[in-house]
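Worksheet: the structure to be examined is printed underneath.
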Amino acid sequence: MRRVNVTLPDGTELELDDGATGADAAAAIGPGLARAALAVRQNGEVRDLARPLVGGEPLEIITAKSDGALDVIRHDAAHVLAAAVMELYPGVKISIGPPIENGFYYDFEFPAGVTVSDADFGRIEERMRQHINADEQFAREDVTVDEALRRFRAEGQDYKVELIEDLVADAGPADPLESVSLYTNGPFTDLCRGPHGPSTKRIKAVKLQSVAGAYWRGDAARQQLTRIYGTAFFSKEELAQYLERLEQARARDHRKLGRELELFMFSELSPGSPFWQPAGMAIWNELSKLWREENRRRGYREVKTPILYDVELFKQSGHWDTYRENMYFTDVEDRPMALKPMNCPAHVQLFKEARRSYRDLPIRYSEQGLVHRHEPSGTLHGLLRVRHITQDDAHIFCSEEQIRQEVIGCLDFGFFLYDLFGFEPKLELSTRPAKRIGTDEMWDRAEAALQGALDARGLPYEVNAGDGAFYGPKIDLHMTDSIGRSWQLGTVQLDYSMPARFDLSFTGADDADHQPVMIHRALLGSFERFIGILVEHYAGEFPLWLAPVQAAVLPVADRHAEYGARVAAALGDAGLRAELDSRTESVGRKIREAELRKVPYMLVVGERDVESGGAALRRHGEGDLGSFPLDEVAERLLAEVAERRYSSQR
Ligand SMILES: [Zn+2]
Ligand SMILES: [Zn+2]
């Protein structure tokens, strides 16, 4: 009898009968694993337990704890959803149902007159649970194309028929597609590549979450389908935790808080472009001040460049060829012009303005660069995805020998900033892609320079092999916020292409011409998105230095209002953002409202304070701190502002 050998992750070799499956391998290792096994991974691909193993390849048994395990049961759950919906809504047509980040969906065309909303979720979930409890196996069969077409045509499942016809067309006549795979769980059969778990019972917790419209194949000219989103987990506890996190995120939603705290607004008159209200502008200006101070301290020189350019500039920069779809165009006196989508070509003009020598390098330009990028209206999302973007941009022109030092400088700058806000950073190095410009030697040097910079600072990082830009490798800076969500904020990219396109040069110590390297660097990403993230990170409870109103002065009675006005003015003169609440309301109510607005400090002023020239100080979320002379209050607040503490808590 022939045997098949596979290598386990710990390096041991497992020898099995020819034709042995993943389930056989798990059983051979131990009965516990046989029960826990969900699927296997071979050659980087997740496969069903029931499929024969490929000899000679490493084998990993996937259990609930493995990477990719949730995708498997979420895909299972999508099929169970389709099974339930087909039973509950006869005549429904099914299209596709993949796992996605955090869950799954399935797209349906319901019969005319039938609409489904979240009010129906209870009933659908109930039916799904019946299928899950019935422990229905996922059975794969490979059938001929004709057989599959015959079955789905007979069932009137037009979308499946179209999918199969497209698979046939894609394969082409040279190497015709002969069979497709079907998966059956209980009464339901789907055209599907898999993989799936062994049975429905592995889904321990499932929840439907929302309904949305979705066009068949994402094409607005085609049938509008109903997409049902859901999620699934290996335990009820994990599902509950996930829903709790979602609830937290919802409460922190920057669009909601932005409205409540009057930070910014949006209007259909300028979609995707925030209107900043005074309170939001206070945050913007504080960030701007920080940005300006730190750039200056780190040897950047601030510049400002136009937003509207002759399209010739973008033809030379390459944006015309690769980025035109995302750009906005207009004609100015019959001249085709465009809004810049990036600041780089503008900074190149500044560099070119004078003859440069090696003694001038590195040249570091920083700009709060206003760029416009077209994002489809369906993808706009508050401040997180906008069309009007103010980047905290910088471009460094340097010699190749200076790259490492400059990149270290960028990373240090990034860590300094993220630390101020209490973000946990995570770094990714993206290396040469298949499609690229430049020689292998150039890429060797560029990647080594970035790696060298990361290693020099002893920073852990992940490598995304092949994920670099075509013009150079890059380091992306991801941050984890206070509720554990990850955001990409910054990027440090090496660029050999743009200096060549614009024929940039400097005179070296050898008196010969050399081409500088360009480093594109953004750390906050954009002011818009960064403030959106900050609102959610802090849940609107900004640390004192960022708080739109830092102190609210609350007179106890009308007769203390005049003194209150003097207190607010004195704090304002000291450089603090103070506001007087002179309404004829009880002081208790004024305090409650200031707390709701998350104002960090409240100064309650009454009879005694008018006489003593002081105020009773309260801290948001903490309560009464006692009475202090006014200059002491101002000093205390100014010291806290200067510290730029990352948290609103002390
Ligand atoms: Zn499927
Ligand atoms: Zn750039």
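The values are calculated or read from the model by the stated rules, or taken from the named source; none is laboratory data. The shown structure was predicted, so the numbers you read here are calculated from the model rather than taken from an experiment. Positions of Cβ are generated from backbone atoms using ideal geometry, with glycine treated the same way; all protein chains shown enter the neighbour counts. Side chains included, ligands, DNA and RNA excluded: accessible areas come from the protein's heavy atoms. Shrake-Rupley method; radii C 1.70, N 1.55, O 1.52, S 1.80 Å.
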Net charge of neighbours whose Cβ lies under 10 Å from the Cβ of residue 614, counting Lys and Arg as +1 and Asp and Glu as -1:
-3
Hey, what did the chain get for relative contact order, percent, Cα under 8 Å, at least 6 apart?
9
DSSP-defined antiparallel bridges as percent of all bridges, the chain, nearest 5
85
Work the Kirkwood hydrodynamic radius out for the range 3-61: mean of 1/r over every pair of different alpha-carbon atoms, inverted, in Å.
10.9
Amide H neighbours of residue 225 under 5 Å, at least 5 residues apart or on other chains, H built in the peptide plane: list them.
214, 215, 216
Report the calculated FRET efficiency for residue 175 and residue 57 (r = Cβ-Cβ distance, R0 = 25 Å), to the nearest 0.05.
0.60
Once R0 is set to 51 Å, what does the formula 1/(1 + (r/R0)^6) return for the Cβ-Cβ distance between residue 329 and residue 562, expressed as a FRET efficiency to the nearest 0.05?
0.30
Given 65/474; 65/426; 256/304, which pairs have Cα atoms separated by over 26 Å?
65/474; 256/304
Computed, not fitted: 222 nm per-residue ellipticity of the chain from DSSP H runs ≥ 4 (each -39500 (n - 2.57)), nearest 500, equal to -11000 deg cm²/dmol
In what sequence, highest mean first, do 424-430, 367-373, 621-627 appear when ranked by Cβ atoms within 10 angstrom?
367-373, 424-430, 621-627
Separation of alpha-carbon centers, the range 566-596 and the range 469-548, rounded to whole Å
39
Gap separating the Cα centres of the range 110-172 and the range 11-39, nearest whole Å:
31
May I ask you to evaluate 6.51 cos²θ - 1.76 cosθ + 1.60, the Karplus curve with θ = phi - 60°, for each residue of the range 407-419 and list the ³J(HN,Hα) values in order in whole Hz, giving x for glycine and proline?
5, 4, x, 5, 5, 4, 4, x, 5, 4, 5, 5, 4
Sum of side-chain charges, residue 123 neighbourhood, beta-carbon under 12 Å (Lys, Arg +1; Asp, Glu -1)
-3
Need one value: the accessible area of residue 236 in square angstrom, 1.4 angstrom probe, rounded to the nearest 10.
140
Calculate, for residue 635 and residue 595, the FRET efficiency according to 1/(1 + (r/R0)^6) with r their C-beta to C-beta distance and R0 22 Å; round to the nearest 0.05.
0.40
If I compute solvent accessible area with a 1.4 Å probe over the protein chains, what percent of it on the chain is carbon and sulfur?
49
Of every Cα-Cα pair in the chain, the percentage lying beyond 47 Å is 35
Residue 228 neighbourhood, Cβ < 10 Å, K/R = +1, D/E = -1, net charge -2
What is the set of long-range amide H partners of residue 457 at a cut-off below 5 Å, with H atoms built 1.01 Å from backbone N?
none
Amide H proximity to residue 490 below 5 Å, modelled H, separation 5+ or other chain, gives 477
The chain, accessible area per residue, ligands and nucleic acids excluded (1.4 Å, Å²)
47
Of the trypsin sites (Lys or Arg not before Pro) in the range 27-81, which ones lie in a loop per DSSP and count no more than 10 other C-beta atoms within 10 Å?
65
Compare the peptides 581-591, 20-30 by average per-residue count of other Cβ atoms within 10 angstrom and give them in order, highest first.
20-30, 581-591
Keeping every protein chain in place, order 442, 86 by accessible area at 1.4 Å, biggest value first, i.e. largest first.
86, 442
Could you pull out the pairs from 93/236; 315/352; 315/340; 315/435 whose alpha carbons sit more than 23 Å apart here?
93/236
Percent relative contact order for the range 551-643, counting Cα pairs under 8 Å at least six residues apart, stands at 28
